[in-house]
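> What follows is a single structure, and I will ask about it in a moment.
Just so you know, all these numbers are worked out from the coordinates, no wet-lab data involved. Computed from a predicted model, the values in this text were never measured in an experiment. For neighbour counting, all protein chains shown are included, and Cβ atoms are generated from backbone atoms with ideal geometry for every residue, glycine included.
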Amino acid sequence: MKDFLKNHGLWILFAGAVIAVALALLSYFSTNASPLVDLANTITSPFRAVCTSVSGWFTDKQNYYEDVTALKAENEALKKQIAEMEATVRQGEAASQENVFLRDLLDLRQQRRDLSDFETATVTERGVTNWTASLTLNKGTAHGVEIGDCVIDGNASLVGRISEVGYNWSTVLTVIDTDTSLGARVYRTKDIGIAGGDFALMGDGKLKLDSLPASCQLLEGDLVVTSGLGGYLPPDLVIGSVSELRADDSDTSNYAILTPAADLNGLTEVCIIKSFEIVS
Amino acid sequence: MLARSATIFKWTLYTLAGLVWAVVQAAFLQRVTIWGVIPFLYPLIAALPATFEGPAAGTVYALACGVFCDLLLPSPIPCFYTLILPLVGLAAGLLSQSLIPAGYLCSAAAALPAYLLTGIFHCIVLWAQGHPAWGAAMSVTLRELCASLLWSLPMTWLFRRVYLRVHVDD
């Protein structure tokens, strides 16, 4: 080896210098990469592609996992948010409904100064048998409710009267129940009669107005209100309107069929009048 | 003759079975209207055990049912159900004892006097209160019977299970 370098060293050095100059010139004049760089990159290019593919696959998997995890978390958060929003909407609907009722009640308080003591109540049960038309409310003696108290809706339409009362519940016999009998007045003609439930009409959700004076000329649609006579009920609470006129069995007098003003099947909130001023 | 403990056990089971149907009535049937009436199970609750147990025991059980109903249901007079349901129990017990052996057919047959007696008593009370409505009341009675009759099948099954649980030899 030593002899070889002694004999040919200068030639090798010269050849190396020529190659270096040639490569330098090629690099200088060529628009592409230098041949050595080109060669090295050409050789490593497939390996690099494989490495990139593998790392890309891993990156994809990692991203996929991260995305799925994030989506799951986001989905859970959104579900929770939807549930909360639905609860808020439900609460809003209930509050809105209650608000309408309370607004009506406020108007009523302003219009009817004689109705001094109110208690709002929720209907918890309705119509437990086919023989009575009753409602169960969630207010009782603990709230000052007494038997005979008058129950109205938000528009001052009569619902019925308290027939039974317990500590935190009470039963209302509605105006269409057969046990209900009310002093009534036809608003237009001022005629006095008795409005009461009739079993034959109870199924249709209606009641009867009779004991009217012979001279009474009723018209369909006439409004019938409480007379307030006797002081058992406040006057001018709307009972209902005349929907039909009929002659009784003896054909000597007429009576009227009334449609109650209160929506007895749809009531959810009512108002119990605990005391009122008797207006003479 | 059953031992005292077996008798207590049997009537406890009958009471629980009756309560099951009372819960079905209050939680579900009260919100269902068929032919304009709600199915009303209480006369059946009073009558069906009487078909298995005979008129005497059935009448006492029906009396207890009547007290229970009067405590919970609005009625036109106080003690309405306490007065009429023992008659319902007696009629059902006599029916099974003398005409049709206790079972599904007997329960369906016992439903007829049960609802008729209750309906007629309602009519009498309405008439006595000055609101006679015989036609409307009998119409409600018949519709109530028809709407409730199908329920006699599962009710008979449950009460029969109670009966067989204690009277193993029958």
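> Could you tell me the number of lysine pairs in chain A with C-alpha atoms less than 21 Å from each other, where the two lysines are 8 or more residues apart or belong to different chains?
Close lysine pairs found across chain A: 4.
> Give the angle, between 0 and 90 degrees and rounded to the nearest 10, that separates the Cα long axis of helix A:35-111 from the longest principal axis of the Cα atoms of chain A.
10 degrees
> If you stretched the chain out fully between B:Ser5 and B:Val60, how much longer would it get, using 0.36 nm times the residue separation minus the C-alpha to C-alpha distance?
Here the segment from B:Ser5 to B:Val60 would lengthen by 18.0 nm.
> Comparing B:Ala91, B:Ala64, B:Ala50, which has the greatest mean-square fluctuation in the GNM of chain B with Cα pairs linked when under 10 Å apart?
B:Ala64
> Amide H neighbours of A:Thr120 under 5 Å, counting only residues 5+ apart in sequence or on other chains, H built in-plane at 1.01 Å?
For A:Thr120, the qualifying residues are A:Ile272.
> Next up: Relative contact order of chain A: what whole-number percent is it, with Cα pairs under 8 angstrom and at least 6 residues apart?
The value is 16 percent.
> Where both partners of a DSSP beta bridge lie in the protein assembly as shown, what percent of those bridges are antiparallel, to the nearest 5?
Taking every DSSP beta bridge within the protein assembly as shown, about 100 percent pair in antiparallel fashion.
> Which residue fluctuates most in the GNM of chain A (Cα springs below 10 Å): A:Asn32, A:Asn265, A:Asn99?
Greatest mean-square fluctuation among the candidates belongs to A:Asn32.
> What FRET efficiency do you get for A:Val18 and A:Trp57 if R0 is 51 Å and r is their Cβ-Cβ distance, rounded to the nearest 0.05?
Once the sixth-power term is evaluated, E becomes 0.60.
> Note the angle between two axes, namely the Cα long axis of helix A:2-29 and the longest principal axis of the Cα atoms of chain A, as a number of degrees from 0 to 90, rounded to the nearest 10.
50 degrees
> Quote the FRET efficiency, to the nearest 0.05, computed for A:Ala142 versus A:Ser243 with a Förster distance R0 of 25 Å and r equal to the Cβ-Cβ distance. Don't jump to the answer; show the numbers that get you there.
On the way: r = 39 Å, r/R0 = 1.55.
FRET efficiency, A:Ala142 to A:Ser243: 0.05.
> So which GluC sites (Glu not before Pro) in segment A:145-223 end up in coil per DSSP with only 13 or fewer other C-beta atoms within 10 Å? Walk me through the numbers on the way to the answer.
Working: sites: A:Glu146, A:Glu164, A:Glu220; in loops: A:Glu146, A:Glu220.
Answer by residue number: A:Glu146, A:Glu220.
> If you don't mind, another one. Under a crude label model (7 Å from the Cα following the beta-carbon direction), how far is A:Val68 from A:Gln217 in nanometres?
Reported label-point gap for A:Val68 and A:Gln217 is 8.6 nm.
> On a full-extension model of 0.36 nm per residue, what is the gain between A:Ala87 and A:Leu102, subtracting their alpha-carbon distance, rounded to one decimal in nm?
Extending this stretch completely gives an extra 3.2 nm.
> With helices defined as uninterrupted DSSP H runs, which ones in chain B have an alpha carbon span along their own long axis of at least 27 Å and mean Kyte-Doolittle hydropathy of at least -1.0? Numbers along the way, then the final one.
On the way: long enough: B:4-27 (34 Å, 0.92); B:80-98 (28 Å, 1.49); B:104-128 (36 Å, 1.62).
Result, helices passing both filters: B:4-27, B:80-98, B:104-128.
> Under a GNM of chain A (C-alpha, springs under 10 Å), which listed residue has the highest mean-square fluctuation: A:Gly196, A:Gly154, A:Gly144?
A:Gly144
> Compute the FRET efficiency between B:Ile120 and A:Asp204 as 1/(1 + (r/R0)^6), taking r as their Cβ-Cβ distance and R0 = 25 Å, and round to the nearest 0.05.
So the FRET efficiency works out to roughly 0.65.
> Here's another thing I want to ask about it. Need one number: nm distance between label points at A:Lys79 and B:Trp35, each 7 Å from Cα along Cα→Cβ, rounded to one decimal.
About 4.7 nm, to one decimal.
> Calculate, in nm to one decimal, what A:Thr122 and A:Arg109 gain on full extension: separation in residues at 0.36 nm each, minus their alpha carbon distance.
Stretched fully, the A:Thr122-A:Arg109 segment lengthens by 2.8 nm.
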